[in-house]
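The values are calculated or read from the model by the stated rules, or taken from the named source; none is laboratory data. Here the structure is a predicted model, which means the values were calculated and not measured. Cβ placement follows ideal geometry from the backbone for every residue including glycine, while neighbour counts extend to all protein chains displayed.
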Amino acid sequence: MDLAMCSFNEIREPIKWNYLTDLKLSHTCLNRIDTIAAGCPSLDTLELFQCWGFKKLNFEKLQNLTIFVLDGVWPKKEEQFDLITISVPSVEFLGISGNLDLRYVVLKNISGCLDANIDFHWTSGDHGKNLENGGFNSLELRRFLNSLSHVPTLTFGTWFIETISRKVYVGFELQECIELTLEAPVLDRYQRGILHIIESCSIVETVTIRANRTHPPCKICPNGICIHDDISKSTNEISPLSSSSSNFCQRSFGFKTLKYCLEEKAAKIKKEAETRNNIGDLPAFVEFLIKNSRRLQKVVIK
């Protein structure tokens, strides 16, 4: 069932959707999310798209809930950070994406999670406003990533990789990750985050880099390639390929398989980015990962 722009505050009788298994709510105030969840005991899939009015998403009583997706949160007026606590012990797939608009996510209990797709950011208002003001909290970021340490299959997208790239040191461990997918073009602005994530996965066997994934559209720059960002102005200082004294040059990675996925879009991205001096040498980046892998057995480029 797909519901949009609903008003659950007007419902006086208890919700009794006893046999409902799939529910998507969008653009809806969910200050009664507990009441809604209590009325859907058979729920298997729950998706929240651009909703608001909640700080706790506690679904511990929904024992059949295996798929949970939080896709963006409706913007709020206050220019201060809030917490959203998520507790879904039965979940097997967790997806968190979109603009959370100054809301940190605390994963209190996702003990059953086997697969997670993470691609959100915290920016509010003007592009990069809160980034420039130091809006990201390293402690909250570390806590969030460490909450995923038991998940064997992880996917990170451009927004979240850029979030990690902006931090000199985050200090997290994805100890049980076996299959890692990074959906981001290999621009200098993402390289720090890509390397931090790979290094944190001590037993990962397969690393897949989908370089055809474009950055989410920027309000200022055309074609999905953001060229005005502050981090792109200092890429020579952070790129592992541009300086022999870089901290990254001494790192080694333990993955067995490297998959590097290039599609038609990638050629266009590379060409556009090179004209703006905002991209490193793609083959050189792959070569860097290959040379620094201790257990590499297979490389797939397509």
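If the condition is being of a type in the set (Val, Ile, Thr), at pLDDT 85 or above and within 10 Å of the chain's Cα centre (by Cα), then segment 140-163 contributes Thr155, Thr158, Ile161.
Within segment 175-192, the residues that satisfy the criterion of being under 14 Å from the mean Cα position of the chain (by Cα) and under 30 Å from Ser90 (Cβ atoms) are Leu180, Thr181, Leu182, Glu183. Against the condition under 19 Å from His121 (Cα atoms) and buried (at least 22 other Cβ atoms within 10 Å of the Cβ), how does Arg189 come out, does it pass? For Arg189, the condition - under 19 Å from His121 (Cα atoms) and buried (at least 22 other Cβ atoms within 10 Å of the Cβ) - is met.
Of the candidates Glu47, Glu60, the single residue that is crowded, with 17+ Cβ neighbours inside 10 Å, under 30 Å from Ile178 (Cβ atoms) and among the charged types (D, E, K, R) is Glu47. For segment 70-94, filtering for residues that are farther than 21 Å from Arg142 by Cβ, at pLDDT below 95, in a strand (DSSP E or B) and not charged (D, E, K, R) leaves 2. Which residue is modelled with the lowest pLDDT, if the candidates are limited to segment 1-44 and must be of a type in the set (S, T, N, Q) and farther than 18 Å from Val91 by Cβ? Result: Asn9. Being outside any strand (DSSP E or B), closer than 21 Å to Asn117 by Cα and modelled with pLDDT of 90 or more is a description that does not apply to Glu47. Please state which of the following conditions Pro222 fails to meet, knowing it meets all the rest: (1) buried (at least 22 other Cβ atoms within 10 Å of the Cβ); (2) at pLDDT below 50. Condition (1) is where Pro222 drops out.
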